[in-house]
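Student: Please see the structure below; I have some questions.
The values are calculated or read from the model by the stated rules, or taken from the named source; none is laboratory data. Note that this is a predicted model, so its numbers are computed, not measured. Positions of Cβ are generated from backbone atoms using ideal geometry, with glycine treated the same way; all protein chains shown enter the neighbour counts. Heads up: the accessible areas ignore ligands, DNA and RNA and are worked out on the full protein's heavy atoms, side chains in. Shrake-Rupley method; radii C 1.70, N 1.55, O 1.52, S 1.80 Å.
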Amino acid sequence: MKKPILATIILFVAAYLADAGEAINVDQQGLALQGYDPVSYFTDSKPVKGDPKSTATYKGGTYHFVSAAHRNTFESDPGKYAPQFGGFCGYAASINKFAPIEVEYFQVLNGRLILQHNEKAWKLWHQDVEGNLKKADANWPTLSQQKPPTP
């Protein structure tokens with residue numbers, strides 16, 4: 001009986017350490033997504049600035065929300081609503097690099113929030129969305145363990 005408990009504890013600690021080390025796009029205060037509400041991308045189909053009074057933390061980033069309802073939605077399944085690739089540019093991840101994002105260049109693809117650096121990255125991403133997504137997904141495990149450049 002003690003071995004399964006120990007194995008569970010070891011898996012929990014490993015998962016915690018893996019999450020703690022993942023690169024995430026935050027400012028110097030730890031704010032993710034430039035203060036925009038990640039849930040709004042799914043519910044309003046656009047970025048909406050969140051309220052600093054309504055926050056939640058996930059993988060080391062603090063997110064702002066337009067309402068307590070959005071915060072609760074996020075907290076119920078943060079992995080679903082948090083931006084992919086640590087909140088960095090999806091196209092950059094597909095070429096194994098980090099790049100910051102502009103909040104208006106986004107898409108919800110297969111239930112995943114993917115942001116882009118700018119219009120050029122948006123266009124390059126859309127030349128082969130599925131292929132670029134596969135490349136970004138393949139690159140992210142290693143890329144996410146690297147230290148992103150500071151702005």
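Student: Based on this model, can you work out whether residue 56 counts as of a type in the set (A, V, I, L, M, F, W, C), in a loop (DSSP other than H, G, I, E, B) and either open to solvent by less than 30 Å² (accessible area, probe 1.4 Å) or modelled with pLDDT under 95 (or both)?
Tutor: Details: of a type in the set (A, V, I, L, M, F, W, C): yes; in a loop (DSSP other than H, G, I, E, B): no; either open to solvent by less than 30 Å² (accessible area, probe 1.4 Å) or modelled with pLDDT under 95 (or both): yes.
No: the conditions fail for residue 56.
Student: Ok, one more. Taking the residues in segment 126-151 that are hydrophobic (A, V, I, L, M, F, W, C) and closer than 23 Å to residue 43 by Cα as candidates, determine which candidate is surrounded by the fewest Cβ atoms within 10 Å (Cβ to Cβ).
Tutor: Filtering first and then ranking leaves 129.
Student: Go through segment 74-99 residue by residue and tally those that are farther than 16 Å from residue 26 by Cβ, of a type outside the set (A, V, I, L, M, F, W, C) and surrounded by fewer than 19 Cβ atoms within 10 Å (Cβ to Cβ).
Tutor: Of the residues in segment 74-99, 7 are farther than 16 Å from residue 26 by Cβ, of a type outside the set (A, V, I, L, M, F, W, C) and surrounded by fewer than 19 Cβ atoms within 10 Å (Cβ to Cβ).
Student: Another question, if that's okay. When segment 35-44 is examined, which residues are found to be open to solvent by 50 Å² or more (accessible area, probe 1.4 Å) and without any contact (Cβ under 8 Å) to a residue 60 or more places away in the chain?
Tutor: Hits for segment 35-44 are 43, 44.
Student: Here are some conditions: (1) open to solvent by 30 Å² or more (accessible area, probe 1.4 Å); (2) touching a residue at least 40 places away in the same chain (Cβ under 8 Å); (3) of a type outside the set (D, E, K, R); (4) at positive phi. Residue 108 meets all but one. Which one does it not meet?
Tutor: Tallying (1) open to solvent by 30 Å² or more (accessible area, probe 1.4 Å); (2) touching a residue at least 40 places away in the same chain (Cβ under 8 Å); (3) of a type outside the set (D, E, K, R); (4) at positive phi, residue 108 fails exactly one: (4).
Student: Count, please, the residues in segment 100-147 that happen to be in a loop (DSSP other than H, G, I, E, B) and either charged (D, E, K, R) or more than 13 Å from the chain's Cα centre (by Cα) (or both).
Tutor: Residues meeting the conditions: 8.
Student: State yes or no: is residue 82 at pLDDT 95 or above and over 13 Å from the mean Cα position of the chain (by Cα)? Outline the logic, then answer.
Tutor: Working: at pLDDT 95 or above: yes; over 13 Å from the mean Cα position of the chain (by Cα): no.
For residue 82, the condition - at pLDDT 95 or above and over 13 Å from the mean Cα position of the chain (by Cα) - is not met.
Student: Something else about it: Condition first: surrounded by 16 or more Cβ atoms within 10 Å (Cβ to Cβ), in contact with a strand residue (DSSP E or B) (Cβ under 7 Å, 6 or more places away or on another chain), more than 20 Å from residue 146 (Cα to Cα) and at pLDDT 95 or above. Can you find one or more residues in segment 27-34 that meet it?
Tutor: Looking only at segment 27-34, we keep the residues that are surrounded by 16 or more Cβ atoms within 10 Å (Cβ to Cβ), and these are 31-34.
Filter again for in contact with a strand residue (DSSP E or B) (Cβ under 7 Å, 6 or more places away or on another chain), leaving 31-34.
Filter once more, keeping what is more than 20 Å from residue 146 (Cα to Cα): 34.
Then keep just the ones that are at pLDDT 95 or above; that gives 34.
Among the residues of segment 27-34, at least one is surrounded by 16 or more Cβ atoms within 10 Å (Cβ to Cβ), in contact with a strand residue (DSSP E or B) (Cβ under 7 Å, 6 or more places away or on another chain), more than 20 Å from residue 146 (Cα to Cα) and at pLDDT 95 or above, which makes the answer yes.
Student: Next up: Give segment 46-70 a look and list any residue that's more than 18 Å from residue 102 (Cβ to Cβ) and among the aromatic types (Phe, Trp, Tyr), or say none.
Tutor: Once the filter is applied, which keeps residues that are more than 18 Å from residue 102 (Cβ to Cβ) and among the aromatic types (Phe, Trp, Tyr), segment 46-70 yields 58, 65.
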